[in-house]
1. Where in region A:1-91 are there trypsin sites (Lys or Arg not before Pro) that are in a DSSP coil and have at most 13 other Cβ atoms within 10 angstrom of their Cβ?
2. To two decimal places, what compactness ratio does region B:229-330 give when its Cα radius of gyration is scaled by 2.2 N^0.38 Å?
3. Any idea what log10 I(q)/I(0) is at q = 0.15, 0.17, 0.19 Å⁻¹ for region B:515-656, Debye with uniform C-alpha scatterers and no solvent?
4. In 10 Å bins starting at 0, how do the alpha-carbon pair distances of region B:132-342 split up by percent?
5. Obtain the nm distance between the two label points defined at B:VAL858 and B:ILE724 by a simple spin-label model: each point lies 7 Å from its Cα along the Cα-to-C-beta direction.
6. Give, in nm to one decimal, the length gained when the segment between B:ALA213 and B:THR309 is fully stretched (0.36 nm per residue of separation minus the Cα-Cα distance).
7. Based on the alpha-carbon set only, what is the convex hull volume of chain A divided per residue, in Å³?
8. Taking the Cα centre of region B:539-754 as the origin, how large is its charge dipole in debye, to the nearest 20, when only Lys and Arg (+1) and Asp and Glu (-1) carry charge on their Cβ atoms?
Amino acid sequence: MARQTPLLQGTLDVLILKALSLQPLHGLGVSRRIDQLTSGAFVVGPGSLFPALHRLEEKGWLDASWGESENNRRAKYYKLTLAGRRQLGAETSEWRRIVGAMSAALESS
Amino acid sequence: MQIVSLLRSAWSNLVHRDHVEAALDDELRAYVDLLAAENERNGMSADQARRAALVATRGVDQVKESTRDAWAGNAIAIALRELRYALRSLRRSPGFVAISVATLGIGIGGATAIFIIIDAALLRPLPVASEPDRLISAERVKFATSELDDFSYEDYRDLQAQTATLAGLAAYNGTSLALETRSGTGRAWVSYVSDNFFDVLGVRPALGRVINATDGNAPGANPVVVLGYDIWKNRFGGDSSVIGSTIKLDLQLFTIVGVAPKGFIGAMRLHRMELWIPFGAMRLSPDDYFESRGWRWLRLVGRLAPRATADGAQRELSGIAARLESAYPVDKGRGIRVFTGAGITDDERVATSRLPRLLSIAIGLLLLIACANVASLSLVRAAAKQRELATRLALGASRASLVGRLFIEGAVLAVGASVVGLFIAQTLTRSASIVSTVVDMDDLDLRMDWRVLGTALATTGLTAILVSVVPAFQVSRTELGILIKDGTGGAVGRRSRRQRALVVVQLAASLVLLASAGIIYSAFQRVLETDPGFEPRGLTAAWVGDLRSSGYDSTRSVAFYRALLSRAESDPALTGAALTGSVLLRWAPRVSVFRRGEEPPGGHESESGLRVRMNKVSPSLFDVMQIPVLFGRRFTPRDDERQPLVAIVSRRLAEAFWPNQSAVGQYISWPARRGSRRAPLEVVGVVADIRPSLSGDPAMTLYVPVDQHPDANTTLLMRGRGNIPPAVSTLHDLAAGIDPRVAVRGGETLVDLLDDEVHVQRIASAWIGVFGVIALLLASIGLYGVVAQNVVQRTRELAVRSALGATPRGLLGLVLGDGMRLAAMGAAFGVIASVFAMRLLRNLFTVVAPTDAKAVPVATVVLVVSMLAANYLPARRAARLNPVDALRCD
C-alpha cells in the first residue's frame, strides 16, 4: 500500500465530486475511486465519507438513488447534479490557483 | 438554490426522521456487505471477510452519529430530543413540576393583575378626550396643618379671572341625588359643574350638547343635564329622542341636552359620575354658596396654557392666594397647592401618592417569594438528582451536555409557568369583580399590561432556568464515586444544612410579606370600623325638598317640620325621631365662637375665635343618635324662641374653653354673620365628641336648638326598631299626612352615608386583601413543596430507622420535631423582620397604629400551621411505609 497522507481540510469534498464526475457510485465505490485517483495516497474511511456524502447531497450537489450493485445488492448510488458539476469546475480552478501560487512561492529562490 | 435544497433536507430530516434513519441503516449495511464481498473476492473466508469489514468500518454507530451530525437541521433535532428527554424527566417528579409551575404562575399572574388593576384605577390619566397630561388639579391648603380643602365660589371666580398659566379652569363637585325619570325613581351620582367643565376637560358629547357658556355659573343657570353614556343606555334605552325631555333631580326639573361620550366618568377617578348639571342651576342658598368666602365646596381642575408648566401654575396660583390672604381675613393662613394630573381627590391622594413605590416593593416581594420557592425546590430536587447526574458524568457525558439538559428542563418549567401566569393574570383582571363587588369599578379599562407581564416572566423564567442548571455544576468529578455509591451525596450534612437554611429564610420572608399585608389591611379595616361617636345602625336620614317649592314661607316651613317631628315621634314603627341641620358632621358649617367677653368688636362672624362645627338640632337628637350626655342636660321642647338662648357643647370644645372647670352655666358667643347681634348662649350641657369623618379626629361641636334658630332646611333622622333602618317611605307617609302636596326628596341610611366616605379605604383594603391571599397561597405552596420534598428525601433514612425498630409514632415525632425547630427559627426571624416592616409601614401610612401589629402573630400562626401540615402529611406516609419497600424504591 502506498504511503497514506492525511486529508487536507476541504479536499475531501472536491475529491468526492471528482470521483463521481465519470459515473454514479455507491459509498464504497466512491472510497475506492478516490483510492484509485490518488494512487492510494488518500484512503477515505466511512467515518468521514458518509457525513461528507450526506452533506453534499443536502447541498444539492449530489443526487442519491437506490440501485443494484455489481453483486446484486441494494445500495445507495450517488451521482453528480448540474450544480455539483458546476461546483467541481469552480473548485478545480480554485485548486489550480492555490497550487500555482503555492508552487511559485515554494520554488522561488 | 443551495438554501432551498438545505431547507428541504432539514424538513425531511426532522419530519421523516424514521425514514431517513432507516435509509442510513440500509446504506451502512450495504457498505459493510460490499466491503465483506470485496474481502471475500480477495480470498478471505465468508466469516473472516465479514469481521474484517466490520473492523474496517470502525463502529457502525459512530459512523452513523457523525453522519447525523452533518445533517441539516440537526441542532433542532437534538433540541427536540432533549426537550422530549426533559419532559420525560419532569414527568417523573410531577409534584415538583406542579408546585414550581403553580408558584411561579401565581407569582407572575398575581403581580401582573394587581399592577394592572391599580394602574387602571389610579396611575393612568383620566379618560378624557384630549391631552390628559396637561390637566392639573388645585387644592386649598391650610398652612398650619397642611390640611387640604375645597375652594369657595369667590375663590374660583378670582382664580379664573387672574390666571394666565391656565388656559381654562373649571369647578365641580359631586353628590348623590334622588333621580326621577318617566320609568321610575332611584338615586344617581350627580356632578355639579361650572359651565366650562367639559370644555376644559376636552370632552365632546356623544349626542346633543354638553354644558357650555350659555348655561351660566351664577344662581339661576339653565336647569339642564348631560347624561352619562351608561345611564343613557341603561335607563333611557339609548334612545336619542330623550334630548329635550326632562328628569327630576331632588324634585327639581332638568332638561336633558346631551349625552357624554362612552367611558367618561367625570373628573373624579374613584367616583363614577352619571349625570352633570350646572351648579348654578341647583337650589343652593346664595348667601352661603355664592357669597361666602368661608364656604368652600368646589374642586378645581385646570388645563395648562400652551408652554405653561405645572410649576409655573403653582407659582402663579400661590401669588394669587397670597393676595387673597391679605384681602380677606377668612383666607388667612391658606394657600393653594397645584397637583399634576387630575382625578384623584385630596384624601385619595394621601392614600395613593405612595402607592406606586409601595406597589413595586410588594410586587417585587411577591416575585421574590415565587423565585425563592422555585429555587429551594430546585435545590431539594438537585439533591435527589445528584446520583443520576454523577452516573451520567461517570459514563462520559460532558458537563456541557448536562447543563444543556437541565437548562431545557428549567425552560420547560418557565414556559409552563408563563402559560399559567398569563391565564391567572387574565382571569384575575377579568374577574376584577372580586374587587368591584366592594367598589364600583365596572368602567376601568383593564388592558393586559405586557411590560409588567414581560418583566415578571423574565425574572421568574430566568430564575427557574438558573436554579435548575446549578446542580450540574455542583457535581464535581471527585465526588462521583461517593455520590454513586450512597446516593445522598458525600456532602450530605452541608447540603441539608443549606436546605434547612432556605426553609427558614423562606418562612421568614413569607411571614414579613403576609404580616405587612395584614398590618395595612387591619389599619384600613379599622378605619372602616371606626366608631363615629354615635350609633349609625338603625338610622335613616330623610329630607323633604325645599318647602319653598311647595309654596311655604319660612314660618310655615318651621311649623311643618314641627308637625312632622311630632308625628314621627308618635309613630309606633319608630323608636325615635329628631331634626338635625346636618346629618353628618362634616356637612355641618364651621362657625367662629368665643368665650363671652372675648368676641371682636362689631359682633359679626370672623375667622378669629375658635372654629367649630355647628348643628341645629331638636331636643331628641342626642337620644336618637345615641350620643352620650356627659354633664348638664339635653335640650327640651321648652327651649324655644321665647326663652334665653342655650347651647350644648361637645367635650373637646368644653375642654378648650373651660379647662378644669365645669362648662355648664358658662356663656359662649356665636356672632351672627350679618344683621342684628346675637346674645351669648348659655351652655346647658356637655356631650361626647363625634367624628366629622371616619378617618378624622372627633370634632369640637356646638349644638343649638332648632326651635331657637328656625331653619327651613332640616333633615329628619329616624331610628327603627332592632337596628333596622326605617324605609324612606315612612317619611313619605308622615309628610303626606300633613300635606299631600309635599314630596319627599329622598333619604339614605346612615350606614350607607358613612360607607360613601370610606370609599378609598374600602378599595385599598379590598386590593390588599387580594394581595394578601396571593401571598399566603404562594407562601403555603412553597413551604409545603420544600418541606414535603425534604421529608420524601429522608424516606430511606426513616426506613432504616424503622427497620432498626423505630415506631411509626416515633418517626412522625422525629420529622415533626425537626419541622417544629425550623418553623420556630423561621418564625423568630420573620417576627423580628416584621417589626421593622411595621415601622416602615407606619411611616408610609398614617392610619397604621400599633394595634395593627396583631397581624404579625396571626400571620405567624397561619404560616407555622401550614408548615407543620406540610411536615405531617408526607411524614405520616413515610412512617407507615414498609421499610423494605422504602429501601428498595430508590
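Every number here is computed from the coordinates shown, using simple stated rules; none is lab data. From a predicted model like this one, the values you see are computed outputs, not experimental measurements. Positions of Cβ are backbone-derived with ideal geometry, glycine not excepted, and every protein chain shown enters the neighbour counts.
1. Those that pass, being in a loop and sparsely packed, are A:ARG3.
2. Scaled against compact globular proteins, the figure is 1.47.
3. Summing over Cα pairs of region B:515-656 leads to -1.01, -1.20, -1.36.
4. With a bin width of 10 Å, the distribution comes to 9, 35, 34, 18, 5, 0.
5. 3.1 nm
6. 31.9 nm
7. About 114 Å³ per residue, rounded to a whole number.
8. 240 debye
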